[in-house]
Every structure is written in structure tokens, then in C-alpha cells.
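Input: a single structure, listed below in C-alpha cells.
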Amino acid sequence: MAGNRTLAIIKPDAFGSGKAGKIIAHLEAQGFAVICARVIHMTKAEAGAFYEVHKGRPFYAELVEFMSSGPCMPLVLQKADAVAAYRAAIGATDPAEAADGTVRKLYAESKGRNAVHGSDSDENARIEGMFFFGAAALV
Ligand code: CMP
């Protein structure tokens, strides 16, 4: 299968309101292939570890609380230039600034409850994929 990979999360707001199927269908229609998927409910410690890079920022506690508030769905997605293509597909962090037709414009509520996460670089895609799926994210 051609392309490289990125790590996505369908966050508790979108997963809990039954939007996971629509979001995956939206991404598949744009050529993303689902390589790994699972449904998990993170503890605060797990959410805190995943977002460690944001520790110390004013929204960190709210982010950890939200990401551990209910089930979410981590995914490894594959497509040519996956990191940039996925970030374009989901739109800006704040749905009020997201372009029409993007996942966050369609499905997100706010900057904090913004439906999906996406890796910001190839290196972080590998690190984040390993976090949820171990070596299966890479093979
Ligand atoms: P995500 O792509 O998961 O990466 C970090 C997350 O922090 C981001 O999406 C937002 O959900 C959240 N975030 C970023 N900035 C803010 C903010 N100013 N207030 C609340 N949450 C934020």
C-alpha cells in the first residue's frame, strides 16, 4: 500500500456523539486507508503522557480532563504525504477558523472539544503511533 502514515484520534466529543463512522468515511473518501484502529478510554495519566509536550501550557489540565472523559478512537492512517494531507483534511485547531468541508468545520464544537487530533510531523506520527499501537503502527 502506497504512502506514509499519521496518527489520528477521534476524540471523546466526536466519538461519544456517534460521529466516528462519518469521520472515517469522510477520510476514506479522501484516500486515507485505516492501518490500525482501537477504541480506548484513557486514564488521566495516559492522556497526560500522550500530551506531555503541552505540559505547562494553560490548556493542559483541561485537555487531559477532556481526553480522559470518555472513549476515543486512535487510528493510524496511510496516504501519500499523510501528515500534511490529514492536517489539511481536518482543518484549523479552532473549528471557527477551519475551512469549509474540513472535519473540524463539520464536526467540532470548540478549540478544546475539536473532534480529532493529528500528528504534526513524521517523527511525531511515529512516536504517537507507537504510543497507542506499538510496532504495529510501523509495519
Ligand atoms: P490537538 O491536535 O489534539 O493537539 C493539542 C490540543 O490542545 C489541540 O488539538 C486542542 O484540542 C487543544 N488546545 C490547543 N489550544 C487550546 C486552547 N487555547 N484551549 C483549549 N485547548 C486547546
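Counting Lys and Arg as +1 and Asp and Glu as -1, what is the net charge of the other residues whose Cβ lies under 12 Å from the Cβ of Val76?
On the way: positive: Arg5, Arg38, Lys79, Arg126; negative: Glu128.
Within the 12 Å Cβ shell, the charges total +3.
Distance between the 7 Å Cα→Cβ label points at Gln30 and Glu46: 2.6 nm.
Hey, got the dipole for the range 54-108? About the Cα centre, +1 on K and R Cβ, -1 on D and E Cβ, debye to the nearest 20? Its charge dipole is roughly 160 debye.
Work the Kirkwood hydrodynamic radius out for the chain: mean of 1/r over every pair of different alpha-carbon atoms, inverted, in Å. Walk me through the numbers before you get to the answer.
Working: mean 1/r = 0.0674 Å⁻¹.
When all Cα pairs of the chain are included, the Kirkwood radius is 14.8 Å.
Ranking of Leu77, Leu106, Leu138 by neighbouring Cβ atoms within 10 Å, starting from the fewest: Leu138, Leu106, Leu77.
Report the charge-dipole magnitude of the range 7-139 in Debye, nearest 20, computed about the Cα centre from +1 at each Lys and Arg Cβ and -1 at each Asp and Glu Cβ.
240 debye
Compared with the alpha-carbon gap, the fully stretched path from Ile127 to Asp81 is longer by 14.9 nm at 0.36 nm per residue. Computed over the range 4-61, the P(r) tail beyond 19 angstrom holds 43 percent of alpha carbon pairs. Please give the net charge around Arg87, taking every other residue with its beta carbon less than 13 angstrom from that of Arg87, where Lys and Arg add +1 and Asp and Glu add -1. Counting the neighbours of Arg87, the net charge comes to -1. Per-residue ellipticity at 222 nm, computed for the chain from helices alone with -39500 (n - 2.57) per DSSP H run of at least four residues, works out to -11000 deg cm²/dmol. Ranking of Glu128, Glu65 by neighbouring Cβ atoms within 10 Å, starting from the fewest: Glu65, Glu128.
The numbers here are math on the coordinates, done by the rules we state, and not lab data. Note that the structure is a prediction, hence the values are computed from the model and not measured. Ideal geometry is used to build each Cβ from the backbone, glycine not excepted, and the neighbour counts take in all protein chains shown.
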